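What follows is a structure written as structure tokens; I'll ask about it next.
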Amino acid sequence: MELLMPPTLGKPRLATLSFDRKFLYCIAGFFVLVVLVLPYFTINTYVIGLGIQGLIYVLLALGLNVVVGYAGLLDLGYVAFYAVGAYTSGILTTKFGWQMWQAVPAVILACIVAGIVIGGPTLRLRSDYLAIVTLGFGEIIRITAQNLEITGGPSGIFGIPTWSFGDWSFNDGLSLPAWSIPAFFLVVGALIGASLYAMKKQVAAIVTGSVAVLTAVIMAVLSGSLTNTITFSSKVILYYFTAIIVLVLGLVGIPRLAQGKLGRAWKATRDDEDAAEAMGINTYAAKITAYIIGAVWAGIAGQLNATYISSIAPGTFQFLQSALVLMAVVIGGMGSIPGVVVGGLFIFLAPELLRDVWDNRYFAFGILLLIVMIFRPKGLWPATSVLPWSRDRRAKDKLPSANEVTA
Amino acid sequence: MKSTAPTILEVRDLLMQFGGVKAVDGLNMTVHDGEILSVIGPNGAGKTSAFNCISGFYKPTSGSIKFLGESILKQHPSHITKMGMARTFQNLRLFKEMSVLDNVKTGAHSRFSQHWYDAFLHTPSFAKSEKQIDEMARGWLDFVGFKGDEELYVTQLPYGEQRRVEIARALNTSPKLLLLDEPAAGLNHSEKRALIELIGRIQALGVSIVLIEHDMGLVMEVSERILVINYGKELADGSPEEIRNNPLVIEAYLGASEGKAADTTGIYEHLLDENDLKVAAADLGVSASHKSAHLPAMPKRKEH
Ligand SMILES: Nc1ncnc2c1ncn2[C@@H]1O[C@H](COP(=O)(O)OP(=O)(O)OP(=O)(O)O)[C@@H](O)[C@H]1O
Ligand SMILES: [Mg+2]
């Protein structure tokens with residue numbers, strides 16, 4: 001069919017809000033840097049262990065954000081996919097002798113299947129049904145795990161192996177010459193910078209290059225002398241870095257998914273399903289992709305957690321967990337990446353910090369939640385927030401008038 | 001008139017029943033290529049229901065609907081849009097938590113293929129299609145005369161601008177046929193002038209338009225043909241002059257509005273206000289002053 005084109009194509013444009021995005025990148029970069037250097041300051045495995053737990057909550061919140069925040073599907077049983085990932089990897093490694101990394105594709109596949117089985121029929125209905133079905137599904141998975149023999153019944157699975165690649169495993173620790181860490185950042189920075197430069201994004205290339213150099217310098221300073229050998233003897237730190245790598249993947253990838261036509265289809269479906277259909281969007285397809293992506297992401301988080309804890313039990317996959325992750329998304333700001341990161345950290349840290357303050361920490365946590373929802377009903381960092389300096393940018397930018405445009 | 005042009009939409013014996021209510025009751029309707037057809041009728045006549053059947057949102061109880069020679073009775077709304085039929089809604093239905101630009105971009109959904117990994121890796125083909133989508137969306141915003149900040153959220157715009165964005169969004173689906181459901185509702189005088197001019201420019205692009213509208217001035221000015229519906233049935237079909245002078249229409253239009261106002265206030269939230277009624281009557285060439293004088297106080301039309 002012949003395409004209808006607007007006769008007014010390619011008129012002069014005003015500056016866009018890309019500056020906001022750069023600001024967010026800076027914050028994200030800073031955040032990653034902080035978590036990256038944390039182990040150098042605190043080789044206290046308890047603190048690093050908490051860090052891993054926190055990162056896993058952030059991962060879950062990021063994944064649920066795709067389902068709830070982008071696609072507007074109220075999922076009350078998100079932890080079910082977390083359980084599917086944990087049990088799939090646990091069973092394959094302990095009962096069938098697979099290596100941990102070999103289980104990754106199996107986890108992804110299992111979550112896709114689970115997503116289709118549960119989402120396939122229910123996503124055709126309106127979202128209220130989905131909430132109820134997912135709530136039930138979460139419980140079904142937990143109760144099934146509790147009663148099957150292969151899942152270890154109520155006591156669960158023990159002795160889940162760590163990540164191993166051939167002869168080397170996380171148990172062996174990692175010894176690196178100190179120069180290799182700054183060198184790693186320089187090489188990665190140079191690669192990304194060069195490809196950006198090839199794409200004619202000179203400014204971005206220079207920024208990436210400088211950030212890489214800066215990180216390399218910081219790492220070099222932290223390691224004392226470049227001739228030292230740095231040993232990560234505790235596998236906890238290796239888990240920590242693994243979690244960070246997956247998190248960075250999510251922080252970069254998930255907003256990118258939301259930028260293109262898939263992301264617009266999700267948001268349109270969330271805001272108004274009928275109007276989305278009227279735009280030619282197959283809302284069912286949009287919903288099920290969001291649901292499956294969320295499921296896979298939770299499954300990977302489940303696998304990370306299973307191998308880190310090395311044992312899993314049905315009791316970990318209570319409804320409370322689903323509710324907490326959902327709260328992270330709602331408190332942070334639905335559909336907002338910085339928001340859900342903040343939310344994920346909040347729901348993990350708040351009860352943890354309150355532990356020393358009060359026995360009834362979940363009660364205090366509840367009150368805290370209420371306060372947040374009263375004063376920030378759209379979340380701590382809403383998706384629709386506009387940074388203060390961008391609010392009146394059009395007042396300064398003189399917009400060409402209609403006549404000038406058509407002239 | 002335009003009857004020589006090929007037919008692009010053909011509705012036969014359309015019946016849409018909600019329980020005991022026959023919202024659309026045996027409606028026939030034909031739209032020719034490139035024409036502007038207005039659909040008018042009193043409140044609750046079944047105009048919006050007919051639109052909903054045609055665009056696939058309601059599954060009609062019986063009847064046939066052919067678009068571009070193909071039956072679309074069993075198609076999903078998104079498929080019908082892909083075939084080249086776009087619509088707007090009576091109560092503005094923009095995507096509230098998306099920017100103006102993103103709202104318009106959604107219209108291009110079915111025309112570009114992007115894989116999820118394209119988006120993930122920002123591949124050159126992704127960047128290229130996003131650039132095209134961006135240009136198209138901005139082009140349509142210019143076309144409808146939107147002059148605000150396209151990166152604002154739609155809810156931050158004044159009502160009239162939101163209406164424009166909705167039309168830009170519909171045009172971005174590349175329609176052959178555009179269904180507009182009361183596009184002038186809630187617009188002020190100058191915005192209505194701009195709308196009339198816009199409808200003309202859309203037609204000039206070769207798009208056929210079906211327009212539901214209560215504003216008789218606007219209807220008389222833009223339409224080539226008018227279809228009058230009452231109680232879900234066709235009451236009259238003809239040129240603006242024929243409709244203006246059709247005693248049946250005058251009777252039904254004014255009579256029905258008055259009758260309904262008396263007993264259904266509160267049920268119909270879009271009752272004509274008195275002013276509209278006067279305008280309608282004036283445009284139809286009758287004096288409504290003595291009638292409207294004793295009309296009960298009617299609720300003002302709700303602006304969404
Ligand atoms: N989804 C529905 N369920 C039940 N009844 C409906 C539904 N949609 C429309 N109706 C009924 O069908 C009749 C026609 O309504 P419709 O909205 O099509 O009228 P309209 O001609 O568009 O009126 P208006 O000028 O007020 O927009 C009304 O009696 C309405 O109550
Ligand atoms: Mg209507």
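The values are calculated or read from the model by the stated rules, or taken from the named source; none is laboratory data. Just so it is clear, the model here is predicted, and its values are computed rather than measured. Using ideal geometry, Cβ is built from the backbone for each residue, glycine included, and neighbour counts are taken over all protein chains shown.
Against the conditions (1) closer than 15 Å to B:THR88 by Cα; (2) over 15 Å from the mean Cα position of the chain (by Cα); (3) within 11 Å of chain A (Cβ to nearest Cβ), where does B:ALA170 fall short? Just the number, please.
Condition (2) is where B:ALA170 drops out.
Can B:SER125 be described as on the phi < 0 side of the Ramachandran plot, surrounded by 18 or more Cβ atoms within 10 Å (Cβ to Cβ) and among the polar types (S, T, N, Q)?
no
Further question: Residue pairs, Cβ under 9 Å, 6 or more apart or interchain, first in segment B:161-187 and assigned by TED's automatic domain parsing to the domain that holds B:LYS105, second among the aromatic types (Phe, Trp, Tyr) and within 16 Å of ligand 2 (Cβ to nearest atom). List them.
From residues that are assigned by TED's automatic domain parsing to the domain that holds B:LYS105, the pairs are B:GLU166/B:PHE89.
Being more than 9 Å from chain B (Cβ to nearest Cβ), of a type outside the set (A, V, I, L, M, F, W, C) and either in contact (Cβ under 8 Å) with a residue 40 or more places away in the chain or loosely packed, with under 14 Cβ neighbours inside 10 Å (or both): is that true of A:GLY209 here?
no
Let me ask you something else. Can we say B:PHE18 is within 16 Å of ligand 2 (Cβ to nearest atom), surrounded by fewer than 17 Cβ atoms within 10 Å (Cβ to Cβ) and not assigned by TED's automatic domain parsing to the domain that holds B:ALA127?
When the stated conditions are applied, B:PHE18 passes them.
Next question, about the same structure. I need the full set of residues from segment B:61-83 which are surrounded by 16 or more Cβ atoms within 10 Å (Cβ to Cβ), touching a residue at least 40 places away in the same chain (Cβ under 8 Å) and more than 13 Å from chain A (Cβ to nearest Cβ), in order please.
B:GLY63, B:ILE65, B:LYS66
Got a sec? Which of A:LEU130, A:LEU196, A:LEU125 is outside any strand (DSSP E or B), exposed (fewer than 14 other Cβ atoms within 10 Å of the Cβ) and hydrophobic (A, V, I, L, M, F, W, C)?
A:LEU125
Right, here's the next one. Hey, any hits in segment B:44-59 for a residue that's in contact with a Cys (Cβ under 9 Å, 6 or more places away or on another chain) and either more than 12 Å from ligand 2 (Cβ to nearest atom) or not charged (D, E, K, R) (or both)?
Yes, segment B:44-59 contains a residue that is in contact with a Cys (Cβ under 9 Å, 6 or more places away or on another chain) and either more than 12 Å from ligand 2 (Cβ to nearest atom) or not charged (D, E, K, R) (or both).
If you check B:ALA137 against the conditions, is it modelled with pLDDT of 85 or more, hydrophobic (A, V, I, L, M, F, W, C) and on the phi < 0 side of the Ramachandran plot?
Yes, satisfied.
Also, I was wondering about something else. For segment B:111-145, how many residues meet the condition of being touching a Leu at 6+ places or on another chain (Cβ under 7 Å) and of a type in the set (Asp, Glu)?
So the answer is 1.
Do we have any residue at all in segment B:100-119 that's at negative phi and either away from chain A (no Cβ under 11 Å) or within 16 Å of ligand 2 (Cβ to nearest atom) (or both)?
For segment B:100-119, residues at negative phi and either away from chain A (no Cβ under 11 Å) or within 16 Å of ligand 2 (Cβ to nearest atom) (or both): present.
Out of (1) buried (at least 21 other Cβ atoms within 10 Å of the Cβ); (2) away from ligand 2 (no atom under 13 Å from the Cβ); (3) modelled with pLDDT under 90, the odd one out for B:LYS96 is which?
Of everything listed in (1) buried (at least 21 other Cβ atoms within 10 Å of the Cβ); (2) away from ligand 2 (no atom under 13 Å from the Cβ); (3) modelled with pLDDT under 90, B:LYS96 misses just condition (1).
Kindly indicate the residue of segment B:48-80 that is part of a loop (DSSP other than H, G, I, E, B) and within 16 Å of ligand 1 (Cβ to nearest atom) and also farthest from A:ALA278 (Cα to Cα) among those meeting that condition.
If we take residues in segment B:48-80 being part of a loop (DSSP other than H, G, I, E, B) and within 16 Å of ligand 1 (Cβ to nearest atom), then B:THR61 is farthest from A:ALA278 (Cα to Cα).
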